[in-house]
Amino acid sequence: AQLFIGLFGFGGLSFLSSLYILEISYIKAFYNESWERRHGHPIDPDTLTLLWSVTVSIFAIGGLVGTLIAKKIGKFLGRKNTLLVNNGFAISAALLMAFALQAEAFEMLIVGRFIMGVDGGISLSVLPMYLNEISPKEIRGSLGQVTAIFICIGVFTGQLLGLPELLGKIWFYTNSIFGKAGIPQEKTPYVTLSTGGVETLASIFSGLVIERLGRRPLLIGGFGLMALFFGALTVTLVLQDHAAWIPYLSIVCILAIIAAFCSGPGGIPFILTGEFFQQSQRPAAFIMAGTVNWLSNFAVGLLFPFIQRSLDTYCFLVFAAICVIGALYFYFVLPETKNRTHAEISQEFAKRNKASRPEETGDTAVAEKANRGPGPHAPSTLDKGVKDRAV
């Protein structure tokens, strides 16, 4: 049941959004043609860059809106019905983006991205919380990774359907990274397909080993490897003209970064948000976590083209530094939550921060008693019945 919840809770978003994967130059050409048709002159390059940045980053703004309204919708409809109704956002967004070209309106593409972001914000707030609530603690991490797994499967499916052999139309998903790496344009769809395959395999691997290795090793190791390969990618981009094989080494670095991200940092934070807080506190916690997440995505999507223009091949060192900081933070602050109850996790936090253990509220106390079972001196049936009613 949890697997199907993961599929239908987020699979629709990832599948529909990834079906509209186009080449950057293709979208910019569409924007330029629409602008020239309306105003009689080509669009200014800076305006075009700004429009492209807005198109990329508006998804995160929609995600922020979805995160903020998820609590109210969930309170009215419940977790399950919220996930079902949320598919309406995904369908309407896909239709807007699909007919933007025929309508010659690039605004439809931007609005569609925004609505798809709303769908993503609701999904990433409600689905991990729901999976956490219905999963046994012994397999809570593996089932929590279902969200990330089906996102990757959806993206990979979209990339597969975007191959020119399948659509009969050359729709490349290329970005400036592959362009900087010197990858020929005709090979870009297949390189992109490999990224989707690596994403899927890495997320499945994480789901299989998370209950054995724990959350900490996957998170710390993921950030550490990302920092390492971001540095290596910078070196290969600087030296790519020195040998014919170096651009392919850049591809390996990109795939390694994606694998490191999907094996830990990509999905585990959503699991931790559900594990750190009691049931009554989780909606607020997911709102706060989602807000930070989507604002960060917006900042990266909006600023990256300008950062890349300024720093050129050294732009990835910024991300390497952030990954190093993240790995150090998790190493010193994050306790292991594998197969632990909320009370045990709170106690571990108290030990690390040398603070007194917080008071347990009703739902935590009841859960603890349910997990521990009867003590060595179990009360009589009559007394137990009275105490159960009191609890």
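The values are calculated or read from the model by the stated rules, or taken from the named source; none is laboratory data. The structure presented is a predicted model; accordingly, all values stated were derived computationally and were not measured. Heads up, the Cβs are rebuilt from the backbone with ideal geometry, glycines too, and the neighbour counts pull from every protein chain shown. Please note that ligands, DNA and RNA were not included when accessible areas were found on the heavy atoms of the full protein model with its side chains. Shrake-Rupley method; radii C 1.70, N 1.55, O 1.52, S 1.80 Å.
For region 196-298, the per residue solvent-accessible surface stands at 43 Å², with DNA, RNA and ligands left out and a 1.4 Å probe.
Taking each of Lys28/Lys72; Lys80/Lys351; Lys80/Lys338; Lys72/Lys351; Lys71/Lys137 in turn, the alpha-carbon distance tops 29 angstrom for Lys28/Lys72; Lys80/Lys351; Lys72/Lys351.
Seen from Ala285, the other residues with C-beta closer than 14 Å to its C-beta sum to a net charge of 0, counting Lys and Arg as +1 and Asp and Glu as -1.
When each of the peptides 206-212, 217-223, 267-273 is scored by how many other beta carbons lie within 10 Å of its residues on average, the order from highest to lowest is 267-273, 217-223, 206-212. Compared with the rule-of-thumb size 2.2 N^0.38 Å for a compact globular protein, region 209-336 has a Cα radius of gyration ratio of 1.21.
Each peptide in 103-110, 227-234 gets a packing score, the mean of other Cβ atoms within 10 Å over its residues, and the list from highest to lowest is 227-234, 103-110. Here the Karplus curve 6.51 cos²θ - 1.76 cosθ + 1.60, taken at θ = phi - 60°, turns the phi angles of region 344-352 into couplings of 5, 5, 4, 5, 5, 4, 4, 5, 5 Hz, with x standing for Gly and Pro. On region 38-90, 68 percent of the accessible area sits on carbon and sulfur atoms, based on a 1.4 Å probe. Computed 3J(HN,Hα) for region 117-132, one whole-Hz value per residue from the Karplus formula 6.51 cos²θ - 1.76 cosθ + 1.60 where θ = phi - 60°, is x, 4, 4, x, x, 5, 4, 6, 8, 8, 5, x, 5, 5, 4, 5, glycine and proline marked x.
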